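The values are calculated or read from the model by the stated rules, or taken from the named source; none is laboratory data. Remember, it's a predicted structure, so these values are computed and weren't measured experimentally. Cβ: placed from backbone, ideal geometry, glycine included. Neighbour counts: every protein chain shown. Calculation scope for accessible area: heavy atoms of the full protein, side chains included, ligands and nucleic acids excluded. Shrake-Rupley method; radii C 1.70, N 1.55, O 1.52, S 1.80 Å.
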Amino acid sequence: PGSFTNQPAGLARDHPYKWYQGCIWVLSDFDDPVFYSHMGILGRFHHSSFLSGEKVASAGEWRVENGAIVWINGASGHYQPETWRFVKTLLVLQGKGIQVGSVLLYRTSKEPPKEMPWQQYIDQSGVLERDGWKTWPTFVA
């Protein structure tokens, strides 16, 4: 099975959720999938930094521990991937043998995310979207 290099990223500073200890990621395309990941740094390194703002298949955040994805979301202010792109990303990961734990779902940035097993998310993604759940938070001042 596939895995990721497990190099600790440290704590993400200035993130609204104290539990957040993840990294940003982008998927280059679906035909020849390459994932890029790095610690996002506000004002210095963003999703669009990986490919200089070019189009990507999908993007988000994840937390990786011991070579497996603990949680994943589609939180990218630049790309904001559509539901079908996020679902397809999960299927690419599954096809590569990468273990995925939970998908994080949001209604707004003021509410903590809801965790859901990734297989359940794939099965219910259409209903969840209609009910206002997204894989990225809508920021509310």
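Among the residues of region 85-115, how many are open to solvent by less than 70 Å² (accessible area, probe 1.4 Å), touching a Pro at 6+ places or on another chain (Cβ under 8 Å) and either under 21 Å from Thr138 (Cβ atoms) or of a type in the set (S, T, N, Q) (or both)?
9
Do any residues in region 78-90 that are farther than 12 Å from Tyr121 by Cα have Cβ atoms under 6 Å from those of residues that are open to solvent by 50 Å² or more (accessible area, probe 1.4 Å) and not aromatic (Phe, Trp, Tyr), where the two are at least six apart or on different chains, and which pairs are they?
none
Considering only residues that are modelled with pLDDT of 85 or more and buried (at least 21 other Cβ atoms within 10 Å of the Cβ), look in region 26-52 and name the one that is nearest to the chain's Cα centre (by Cα).
Of everything passing the filter in region 26-52, Val26 is nearest to the chain's Cα centre (by Cα).
Within the group Arg63, Arg13, which residue is basic (Lys, Arg) and either modelled with pLDDT of 90 or more or in a loop (DSSP other than H, G, I, E, B) (or both)?
Of the residues listed, the single one that is basic (Lys, Arg) and either modelled with pLDDT of 90 or more or in a loop (DSSP other than H, G, I, E, B) (or both) is Arg13.
If you scan region 75-118, which residues turn out to be assigned to a strand (DSSP E or B) and aromatic (Phe, Trp, Tyr)?
If the condition is that a residue be assigned to a strand (DSSP E or B) and aromatic (Phe, Trp, Tyr), then Tyr106 is the only one that fits.
Could you please give the count of residues in region 53-84 that are within 15 Å of Val34 (Cβ to Cβ) and either of a type in the set (Ser, Thr, Tyr) or open to solvent by 40 Å² or more (accessible area, probe 1.4 Å) (or both)?
3
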